[in-house]
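Below is one structure, written out as structure tokens, with a few remarks after it.
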Amino acid sequence: MMFWLLLFLFVGNVIGSKYGISHLLLAPEYLGSIDWLSFAIMGFSFGGFLMAFNIYSYILHANEFRFLATLSRPFLKFCFNNIIIPFAFYFTHLYQSFTFQIEEELISKTEAIGNLFSYSAGIVIFIVLSMLFFTFFNKNVFKLTGKDETYYDNLSNNRVKEAAFMKETVWYKRMSRKRVWKVETYIFSPISIKLARDTSHYDKRILKQVFAQNHINASIFEVGLILTFFILGIFRDVTWMNIPAAASLILLFTLFLLVFSALYSWLKGWTLTVLIMLLVTINLVSNSFEGFKFRNYAYGIDYTQKQPYTWNSLKDLSEDPVTYEESMRDGIKSLENWKHQMQKKHPNEKPKLILLNISGGGLRAAVWSMEVLQQLEKGTEGEFFGNSKLITGASGGMIGATYFRELYLKQQLDASINITSKRYVEQLGEDLLNPLTFGIATTDFLFRYQTFTDGKYSYTKDRGYSFEQKLVKNLGGTFDNKRIGDYYKDEFSGNIPTIIYSPSVANDGRRLLISSQKISYLTFNKDTNYVSTYNSMENVEFTQLFADNDPFNLKVTSAMRLSATFPYILPMVTMPTEPPIELMDAGIRDNYGLKTSLDYLRVFKNWISTNTSGVILIEIRDKQKYFEVSNPNNGTLLQRLLTPFTSFYSNTVKIHDYTNDQLLKAVPDWYKGEFEAITFYMNQEEKKPISMSWHLTSLDKEYIRNAFNEKNNQAALERLKTLLRIE
């Protein structure tokens, strides 16, 4: 019943709308399209869930309806009488999906009706196939004993009647009453109702044998379906096997029902006890056996060597004067190279230095950042990105920024490439959620038995791998086999901005700074200007910590994924340290990258104030900063009870805003050059925001395309053009 409740809440947009779960069920996407095939696949998977629900119910409750054993096709009759909840969900789903397709996916009514017809056909096909199995193998009491209905009717007429002295008093009835279902009528077929047959004259042993035989057949059917899940997982790399995310979600629900009901067929009342004991045992041994550790990896680096991750080891890294001096020299040299590049276009002029801060927010942030970067490059006549020296941020926004930078680099080699083409925005907006949910449903929560090699290293496949593969495909192979070390020369020479990824360390809250450049100046803590040298060592340099693990071979797609590892959707990444540390979304610590940008400015403030005409900090955020106060006292009792927990999570980004405002306010106290912050943002509707998901609807994409034309963004563009002296 819990699964049905979740499905009702999902399709009703009551829960999960923030993360786009309802979108998946209302308009499934398959192979980049929302059409009859995607709906048919979802319908087929829902048919599987429906049958799993009926099998589960039949195994648990059929014994209470003994008359079923006297009917032909008892399981089919049981399904007819167990249809109320499925029917209620089916019609609710049809209505909600039809409305959503028209309003959110901008699909015509005719096409929407056709899609729903395909959905219904998918359900029917699975049910028919299942019923053929049960009709052929299941037996009733007549088939099992070889006797017909007449035999049992005569037996009923000749049975001994209750003795006259057994007068039924009120107290007698109450004392002898049994807690059983009293059934007088049942649904015989979709169009008829019949009286339930009296079974008191039937041999109870035979009736139990009928149900036992039916249960065995049901469990065999379930085992076959469970094995199908694992077979699907084997072919996770085959594009057409990546079914719609909604179908994967329903398959996951189906899997849980099938496993539990199959176990119940054999264990009966011990099922829950055995499951609890099994879970406790797995939990206790999970840290002792490699097969239970379910680790995800950053692809490209060596995991055979473990680096110490202790207070003393981190202190030694952060206070190493040699690496600090090397990074400072390289940092200054890179700035000099960038200045030289700028003066090629504008001789004898001090350039403006741009620091780019990109917010996280799933696919909406990726597409929005790409849209803004294209518009800024177009609006400034190609001046904007060349003036940019550093890009930092989180999650999806960094994926969009990384993609734009790669296109900018390719344009330098091939002038025919138009980096402001809308084709690139469309590619970036393609679905990334299907392979993630498919991986969760088939293998990731149970067994990760497939591996792949990257050069001389081997890793297990999971949804993190699927995410990267799909990202590469969506972007036309742009990042196929790209490593962070491949960008060292172009970043150092000033051809492209330096990117710093900053995923959060889940174990202690530190930030792991990933860059192709030497950036020890951002982690160095032995500063004579500090009043106290006792510090928490917040930042850790990736290439220094993993100097012996081939760090520059890290795949760019992995670097992006590390920065965008939203809990549970993407798996946390385990790093080769002792003790092991795990990485999560950069947005947990700094959703906009401002801390990194201001640290960079603070380190090189003297050079920047002397050699530039000022600093422009550009913030690209996927949501407005202002918001209305949410009063928990206006909510329901449950909402008020959960407020201490939900408000902490929901206010995380707002807390970042408060902190960032303080940091920006303090800039004039330590930086004496020209400094200005410009913000570009989407003004999302409070009651109907774009979901923070790896999937976007057609309406979402249209809104993002038009958001840059809003007054606030046009005014910000004009200000940027003024600062860059664009006429």
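Here are some notes:
- Peptides 349-357, 20-28 ranked from most to least packed give 20-28, 349-357, packing being the mean of other C-beta atoms within 10 angstrom over each peptide's residues.
- Peptide ranges 370-378, 576-584, 403-411, 108-116 listed from the most packed, as the mean C-beta count within 10 angstrom indicates: 370-378, 403-411, 576-584, 108-116
- ³J(HN,Hα) computed for each position of region 45-55 - Karplus, 6.51 cos²θ - 1.76 cosθ + 1.60, integer Hz, glycine/proline x: 5, 5, x, x, 5, 4, 5, 5, 4, 5, 5
- Cα point-scatterer Debye curve for region 448-588, base-10 log of I(q)/I(0) at q = 0.19 Å⁻¹: -1.29
- Whole-Hz ³J(HN,Hα) from phi, Karplus 6.51 cos²θ - 1.76 cosθ + 1.60, for region 599-611, glycine and proline x: 4, 4, 5, 5, 5, 10, 4, 5, 5, 5, 5, 7, 9
- Accessible area per residue (1.4 Å probe, heavy atoms of protein chains only) ranks H695, H346 as H346, H695, with the largest value leading.
- Peptide ranges 473-479, 591-597, 697-703 listed from the most packed, as the mean C-beta count within 10 angstrom indicates: 591-597, 697-703, 473-479
- Note on I85: accessible area approximately 50 square angstrom, rounded to 10, probe 1.4 Å, nucleic acids and ligands left out.
- Near V573, the amide H atoms lying under 5 Å from its own belong to L583; only residues 5 or more places off or on other chains count, and H is placed 1.01 Å from N.
- Tensor-based shape of region 317-384 (alpha-carbon gyration tensor, a/c under 1.5 rounded, otherwise prolate or oblate): oblate
- Over 20 Å between alpha carbons, listed pairs K389/K422; K378/K410; K339/K605; K422/K595; K350/K489: K389/K422; K422/K595; K350/K489
- Total charge dipole magnitude, region 581-622, about the Cα centre, Cβ charges on Lys, Arg, Asp, Glu only, Debye to nearest 20: 280 debye
- Amide H contacts for L31 (H built 1.01 Å from N in the peptide plane; partners 5 or more residues away or on another chain; cut-off under 5 Å): none found.
- Residue-wise HN-Hα coupling along region 384-393, computed from phi with Karplus coefficients 6.51, -1.76, 1.60 (Hz; x: Gly, Pro): 4, 6, x, 7, 7, 10, 9, 10, 9, x
- Built amide H within the under 5 Å cut-off of I678, gap 5+: L617, I618, E619
- Among I500, I484, N525 the positive-end extreme of the charge dipole of region 451-545 (Cβ point charges): I484
- The value obtained for region 289-432, namely the Cα convex hull volume divided by the number of residues, is 191 Å³ per residue.
- 5 Å-binned pair-distance histogram of region 676-727 (Cα, whole percent): 4, 18, 22, 20, 14, 11, 8, 4
The values are calculated or read from the model by the stated rules, or taken from the named source; none is laboratory data. Computed from a prediction, not measured in an experiment: that's the story for all the values here. FYI the Cβ positions are ideal-geometry reconstructions off the backbone, even for glycines, and counts take in every protein chain you see. Remember, those area values only see protein heavy atoms, side chains included, never the ligands or the DNA or RNA. Shrake-Rupley method; radii C 1.70, N 1.55, O 1.52, S 1.80 Å.
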